[in-house]
Amino acid sequence: MEYNYTDEMKTRLRRIEGQVRGVLRLMEEGKSCKEVVAQLSAVRNASDKAIANIVAEYLHQCILAEQAAGNQDTGKMVKEAVELLVKSR
């Protein structure tokens, strides 16, 4: 199954990319550890949200595809999605 990444997902990752560049800039400017860690924490939170969004959309698309194929047992896909989330932590 080919996965469709939405423009919203890509925009979210571009925003994270910008945040990482901002952290590097803070480091190059010699900013405090507190500032750098706060920004890295924001990057991590944004990344966690992106992962959750991607996994949720993946699960949604897989369930729709299985239902279209006549398979109503989607428990395996839910389990795989949960495993993806667990691995991401």
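The values are calculated or read from the model by the stated rules, or taken from the named source; none is laboratory data. All figures in this text were calculated on a predicted structure; none of them were measured in a lab. All Cβ positions, even for glycine, are placed from backbone atoms using ideal geometry, and neighbour counts span all protein chains on display. Side chains included, ligands, DNA and RNA excluded: accessible areas come from the protein's heavy atoms. Shrake-Rupley method; radii C 1.70, N 1.55, O 1.52, S 1.80 Å.
Tell me the angle of helix 7-28 to the major Cα principal axis of the chain, expressed in degrees between 0 and 90 and rounded to the nearest ten.
20
If I compute solvent accessible area with a 1.4 Å probe over the protein chains, what percent of it on the chain is carbon and sulfur?
Whole-percent figure for carbon plus sulfur exposure: 54.
Please determine, in degrees from 0 to 90 and to the nearest 10, the orientation of helix 33-68 with respect to the longest principal axis defined by the Cα atoms of the chain, where the helix direction is its Cα long axis.
10
I'd like the orientation of helix 75-88 relative to the chain: the angle between its Cα long axis and the longest Cα principal axis, in ° from 0 to 90, rounded to 10.
10
Which distance in nm do the two modelled labels at Lys76 and Ala56 give, with both placed 7 Å along the Cα-to-Cβ direction?
2.6
Setting aside same-chain residues fewer than 8 positions from Lys87, which lysines have a Cα under 22 Å from its Cα?
Lys10, Lys49, Lys76, Lys79
Between Ile63 and Arg14, what is the spin-label point distance in nm, taking each point 7 Å from the Cα along the Cα→C-beta axis?
Simple spin-label model gives 3.0 nm for this pair.
Which net charge results for the neighbourhood of Gln19, defined as the other residues with beta-carbon distances under 14 angstrom from its beta-carbon, given Lys and Arg at +1 and Asp and Glu at -1?
That works out to +4.
Of the options Leu64, Val82, Ala50, report the single residue whose Cα projects farthest towards the positive end of the charge dipole of the chain (beta-carbon charges: Lys, Arg +1; Asp, Glu -1).
Sorting the options by dipole projection puts first Ala50.
Using label points projected 7 Å from each Cα along Cα→Cβ, tell me how many nm separate Ala42 and Tyr3, to one decimal.
Those two pseudo-labels are separated by 2.7 nm.
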